[in-house]
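K.L.:
Before we start, here is the structure in question, set down as structure tokens.
The values are calculated or read from the model by the stated rules, or taken from the named source; none is laboratory data. Please read all numbers here as calculations on a predicted model, not as lab measurements. Don't worry about glycine lacking a Cβ; one is built from the backbone with ideal geometry, like all the others, and counts go over all protein chains shown. Surface areas here come from the heavy atoms of the whole protein model, side chains and all, with no ligands, DNA or RNA. Shrake-Rupley method; radii C 1.70, N 1.55, O 1.52, S 1.80 Å.
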Amino acid sequence: MKTRRKKKLGLALSSGGVLGYAHIGVLRALEELDVEIDLFSGASMGAVVAVFTAAGLDSTALEALGTKYSAQVAMVLGSVISVGGLTTPWRLRASLHKELPVTVFEALQKPVCIAATDVQTGKAVVFDSGDVWGPLSGSFCVPGVFPVVKLGDRYLVDGGMSLPVPVTELRKRGATSIIAVSLYDPLQADEYKPSLNIARLLERSLNVMLNNVAQPELEKADVVVRPDLKGCEPSDVHEYVTRGYDAVMSRRAEIEALLA
């Protein structure tokens, strides 16, 4: 007699810079709903949240960590157009490394796969074993802000450039149902106005581009959560967390149906 396969719920967290604080609110809502995630995936800031969560940090600890570094993150990721030097990005990267309580994927409490981009080929590279910090630092390596990460014979940059929401990778690893979190939806961000300055126009254009790149992956998820992030300030971690929390609660019935 065939045994029934246990359901496995995957959570795919998109890239998105400071918008990634909303992922913490997503996790908080799932905690309150007693929704257990079996495996995680992420790119860029989504990879950071996925790895730290799988290392044992709950949403309260994640928010505290985000708040601790919010000023540095806002300054570094908010200055993609002109960074005067790399001392602050180096310091931020080193600080996050010290905060991570594990050194290898195998030490994480839940399976995680994270995406980075091979800057030579432009293709996504997915990591789920061995050293965790090298792939993670490559996954959130925003070009022009953080130094490119050399890992073996590869040079890695931000995973959002090639695989911003790694849904398919969760399917490959046994997920039977997947919740994806997308931070790109242009309708969920500040609306376009002709008066936008160059920096804000580039920010919105990047949002549109990533939204389009992410669509093929998002279509493979069972539930897509899209936090409304209009009006959030880069340093206001709690507001992002609240928006992520509210977005999950608005999809509560659909999420609970995945577990039935």
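K.L.:
With the requirement that a residue be closer than 15 Å to M161 by Cβ and surrounded by 20 or more Cβ atoms within 10 Å (Cβ to Cβ), what does the range 208-226 give you?
P.N.:
Once the filter is applied, which keeps residues that are closer than 15 Å to M161 by Cβ and surrounded by 20 or more Cβ atoms within 10 Å (Cβ to Cβ), the range 208-226 yields L210, N211, A214, E217.
K.L.:
Report every pair of residues separated by at least 6 positions or lying on different chains whose Cβ atoms are under 7 Å apart, first residue within the range 65-85 and under 21 Å from A50 (Cβ atoms), second modelled with pLDDT of 80 or more and acidic (D, E).
P.N.:
L65/E99
K.L.:
Evaluate the range 190-209: report whether one residue or more is modelled with pLDDT of 85 or more, touching a helix residue (DSSP H, G or I) at 6+ places or on another chain (Cβ under 7 Å) and more than 27 Å from K8 (Cα to Cα).
P.N.:
no
K.L.:
In the list A247, A180, which residue meets the criterion of being surrounded by 14 or more Cβ atoms within 10 Å (Cβ to Cβ), outside any helix (DSSP H, G or I) and among the aliphatic types (A, V, I, L, M)?
P.N.:
A180
K.L.:
For the range 233-244, what are the residues that are open to solvent by less than 80 Å² (accessible area, probe 1.4 Å) and more than 15 Å from L11 (Cα to Cα)?
P.N.:
Result: P234, S235, D236, V237, E239, Y240, V241, T242, R243.
K.L.:
If you scan the range 28-48, which residues turn out to be assigned to a helix (DSSP H, G or I) and open to solvent by 10 Å² or more (accessible area, probe 1.4 Å)?
P.N.:
R28, E31, E32, M45, V48
K.L.:
Taking into account only those residues within the range 220-236 that are at pLDDT 95 or above and among the aliphatic types (A, V, I, L, M), which is nearest to T176 (Cα to Cα)?
P.N.:
Across the range 220-236, the extreme among qualifying residues is A221.
K.L.:
Checking R173 against (1) surrounded by 17 or more Cβ atoms within 10 Å (Cβ to Cβ); (2) out of contact with any Phe, Trp or Tyr (no Cβ under 8 Å at 6 or more places or on another chain); (3) of a type outside the set (V, I, T); (4) farther than 27 Å from E31 by Cβ, only one condition comes out false. Which one?
P.N.:
The one condition R173 does not meet is (4).
K.L.:
Of the residues A260, A175, A180, A247, which is modelled with pLDDT of 90 or more and over 17 Å from the mean Cα position of the chain (by Cα)?
P.N.:
Just a single option satisfies the conditions, and that option is A175.
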